[in-house]
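Here's the structure we're looking at; comments come further down.
The values are calculated or read from the model by the stated rules, or taken from the named source; none is laboratory data. Just so you know, these numbers come straight off a predicted model, no measurement behind them. Cβ coordinates were reconstructed from backbone atoms using ideal geometry, including for glycine residues, and neighbour counts include every protein chain displayed. Accessible surface is based on the protein model in full, side chains and every heavy atom, while ligands, DNA and RNA are left aside. Shrake-Rupley method; radii C 1.70, N 1.55, O 1.52, S 1.80 Å.
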Amino acid sequence: MPEDSHETFLADFALMSTFGATAGGGVERQAATPEDGQVRAWLTDLFRKSGFEVHLDGIGNLYGLIEFSPGADYVLFGSHLDSQPMAGKYDGAYGVLAAFHAVVRVAEAHRAAGTMPKYNLAVVDWFNEEGSRFKPSMMGSAVYSGKLSIDEALSISDSGGVSVRDALTALDAVGDFTLPPIAGYAEIHIEQGPSMDDSGVKIGAVAATWCAYKYEVAVQGEQGHTGSMRMASRKDALLGAAHLITAVNELVDDFEQETLHTTVSELYVLPNSPVTIAREVRLHIDMRAENTEILDRALALLLAKIELLEQRTRTAVQFLASNTWRSGTFVEAGVKLVEDAADELGHSHARVKTLAGHDATNIKDLVPTVLVFVPSIDGISHNERELTSDIDMLAGVDVFERIVHAIVTGALD
Ligand code: HGY
Ligand code: MN
Ligand code: MN
């Protein structure tokens, strides 16, 4: 690829990373915050300056379209610009920018050659992939793929009581566009895990996804005076939550190492007053494994542990909501596309699984979908220290360009 396009990519990446930049070298761009609005406005401007038509759908998904043949279906490429709090600048954003640059290069090649691709091209920034401010994660692609109703999504509120609808409206980001039918989707993303960095592999052809069981849980107790209430009469929700957090983490001891990942990652204490025993604790349980058999076994074990901790702490545990995705494979033709593109460019590659969810996790159930990884140094992610080298980013963009070219000419049909 012409050197300038590498330099242009790196310059765009540096500029993109200034939106919501944190002192520790990461970004803070939670969904529909002003910082998310700023980076979306920047992408909108970049789309327009490069001849894309820009559209917004009803859940704030932002699209840039290049039409070659009116009425032809589209093929879609992209990822997400929103981030976790105090997080890395590569997660999602790299994939949006790589998709933009790869689509620009492929469109320019067709124009220069006077050829017509089989499909029109679109780039997307999916709204709220991270699910940090508004749960569940992968929200924009879940609505697009029919897994979550738009009304339900728009009415979900953050911990401050602001709804998705109000937050998007404040950014003037609620549209009424419906993307024409798509024949395929591809996404490039950092691995967010250590396997590629450990093995020195430069391109990951994602063959399948782990599955996830995520639960919103409330531990119910009763308020009381921390000084005067007898210990034997207490129904301390925070004590119940402490036992639950330990129980969730100790589940992995009953499974082969690294085959089950469990976390309690979010916690709210009510009333959270120093001299009052907690009446309620809300927390978020996240369980991941290669298949649902492992997760079903882990869940059964957890429910048994919950019965014991309820008796021991005189509290009650309620499951309020769940968000799950089952493992699933990506189309073989797409995995092969990644391997062939990496071979053509002389980059090492391996078939990998994704332990994290992505928008591709949703879209793969709709149309033939390709997910490509580039290495994360030390596997660090959702952390300001997240890092992928420039050379690995650029290799990924070049590989992705070959994938875009193949898909737009019908390679996934
Ligand atoms: O939930 C996930 O795994 C994704 O990173 N949002
Ligand atoms: Mn991501
Ligand atoms: Mn993420």
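A few comments on the model shown:
- Computed in the context of the full set of protein chains, the accessible area of segment 211-325 at 1.4 Å probe radius has 50% of its extent on carbon or sulfur.
- Approximate spin-label separation ARG351-GLU293, in nm, with each point projected 7 Å along Cα-to-Cβ: 1.9 nm
- Cα centroid separation, segment 286-357 to segment 68-122: 28 Å.
- SER157 paired with TRP42, simple spin-label distance in nm, labels 7 Å along Cα-to-beta-carbon: 3.2 nm
- Here segment 211-325 is treated as an ellipsoid with the same Cα gyration tensor; its semi-axes, largest first and in whole Å, are 29, 14, 10.
- Degrees, to the nearest 10: 93-113 long Cα axis against longest axis of the chain: 20 degrees
- In this label model, THR178 and ASP253 are separated by 5.4 nm, measuring between points 7 Å along each Cα→Cβ vector.
- For segment 166-234, the set of trypsin sites (Lys or Arg not before Pro) satisfying both a DSSP loop assignment and a count of at most 10 other C-beta atoms within 10 Å is given as ARG230.
- Too-long pairs where the Cα-Cα distance tops 27 Å, listed order kept, from LYS118/LYS202; LYS118/LYS147; LYS202/LYS336; LYS89/LYS214: LYS118/LYS202; LYS118/LYS147
- Solvent-accessible surface of segment 211-325, taken per residue with a 1.4 Å probe and all protein chains present: 53 Å².
- Charge-dipole axis of segment 211-325 as Lys and Arg at +1 and Asp and Glu at -1 on Cβ define it, positive-most pick from THR226, ALA316, THR292: THR226
- Accessible heavy-atom area order of VAL252, VAL219, highest first, probe of 1.4 Å: VAL252, VAL219
- Taken about its Cα centre, the chain carries a charge dipole of roughly 1180 debye when the Cβ of each Lys and Arg holds +1 and the Cβ of each Asp and Glu holds -1.
- When the alpha carbon coordinates of the chain are projected onto the principal axes, the ranges are 83, 46, 39 Å, largest first.
- Between the listed residues PHE177, GLN257, GLY25, the Cα displaced farthest toward the positive end of the dipole of the chain, a dipole computed from Cβ unit charges relative to the Cα centre, is found at GLN257.
- Which of LEU337, LEU303, LEU76 is most accessible, then next, and so on - probe 1.4 Å: LEU303, LEU337, LEU76
- Rounded to the nearest 20, the size of the Cβ-charge dipole of segment 211-325 about its Cα centre is 720 debye, with Lys and Arg at +1 and Asp and Glu at -1.
- Length added when fully stretched, SER389-GLU307, from 0.36 nm per residue minus Cα-Cα: 24.7 nm
- Taking THR115, THR329 and ordering them by how much accessible surface each has at a 1.4 Å probe, largest first, produces THR329, THR115.
- Centroid-to-centroid, using Cα positions, segment 133-197 and segment 23-66 are 13 Å apart.
- Positive-end residue of VAL269, VAL370, ALA113, charge dipole of the chain with Cβ unit charges: VAL269
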